[in-house]
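Bear in mind these aren't lab numbers, they're just calculated from the coordinates by the rules spelled out. Every value quoted in this text rests on a predicted model; they were computed, and no experiment measured them. Virtual Cβ from ideal backbone geometry, glycine too; neighbours counted across all protein chains shown.
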Amino acid sequence: MNTDKKNTILVVDDDTAHRTMLRMLLSGWGYLIEEADDGSTAIIKVEERAYDLILMDIRMIKV
């Protein structure tokens, strides 16, 4: 079994500071991070690929 695969996390938040903080924290722990700044963009990204985890703000303007 290959344990070198990095898990990919999609961080969805309309607050740039929150996305930046999560990206820095999680990438420091070895995760690959992708970001979306609204729900519409997140849906497009999820349709394009699978993620191991999605962290999403539930209070966004454009959901």
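Let me see the P(r) profile for the range 8-56: every Cα-Cα distance counted, bins of 10 Å, each bin given as a percent of all pairs.
Bin by bin from 0 Å, the calculated values are 29, 57, 13.
What dipole magnitude, in Debye to the nearest 20, does the chain give about its Cα centre under +1 on Lys/Arg Cβ and -1 on Asp/Glu Cβ?
About 160 debye.
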